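Below: one structure, written as structure tokens.
Every read-out reported here was derived from the displayed coordinates using simple, explicitly stated rules and does not represent laboratory data. A quick note: this is a predicted structure, and the numbers were derived from the prediction, not measured. Cβ atoms come from the backbone with ideal geometry, glycine included; neighbour counts cover every protein chain shown.
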């Protein structure tokens, strides 16, 4: 791992543990084992480091989520793969998800960041929009389809920390199927309508 990567990893851990304002450049340097001034060889300052960590986090999430997925095929098989990729990604890169959430709830998030991130997530939005256009998915904003479906992965992982249950492959399959059903359009796309 390069020194730059070590700095990013150490900073990411500290930001999650201490928050952005509770983490100093000195703390990052101490975590990595360098002099505080050495950090400025790699980053202009803490704020630039925070912004770069956000972009790295989103890129890692998108790469993991879309791995092996044909998003132009809007069906349960594609969705299942997305859900299982998200599950695997959260389990192996939980710190990245935590950092992304921390950043997006902070004053560091800029309009430019939002545009940049939305462009990275656009293939997923397109997947949902194709499902809406074909009548397969509920006709609600794509971000809400994501909340009803893939966000369930993060919720399941959170609940797994607090409640005593085994998150088996069979349970993951059930969760993927249930969240898929949550986004499917009802006949005439009206809640409570009969087939």
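For a quick check: sort 130, 87 by the number of other beta carbons within 10 angstrom, fewest at the front. By the 10 Å Cβ count, ascending, the order reads 130, 87. Each 10 Å bin from 0 upward holds the following percent of the Cα-Cα pairs of region 14-83: 17, 34, 19, 17, 11, 1. Just so you know, the Cα atoms of the chain work out to an Rg and Dmax of 19.4, 68 Å. Using C-alpha pairs under 8 Å with a sequence gap of at least 6, the mean separation divided by the residue count of the chain gives a relative contact order of 20 percent.
Rg/Rh, computed from the Cα trace of region 1-43 with Rh as the Kirkwood radius, has the value 0.93.
From least to most packed, judged by other beta carbons within 10 angstrom and beginning with the fewest, 43, 127, 165 follow the order 165, 43, 127. Distance from the Cα centroid of region 128-158 to that of region 16-66 is 31 Å (rounded to whole angstrom).
Summed over qualifying helices (DSSP H, 4 residues or more, each -39500 (n - 2.57)) and divided by its residue number, the chain shows a 222 nm mean residue ellipticity of -21500 deg cm²/dmol. Going by neighbour counts of Cβ atoms within 10 Å, the residues 60, 1 line up, fewest first, as 1, 60.
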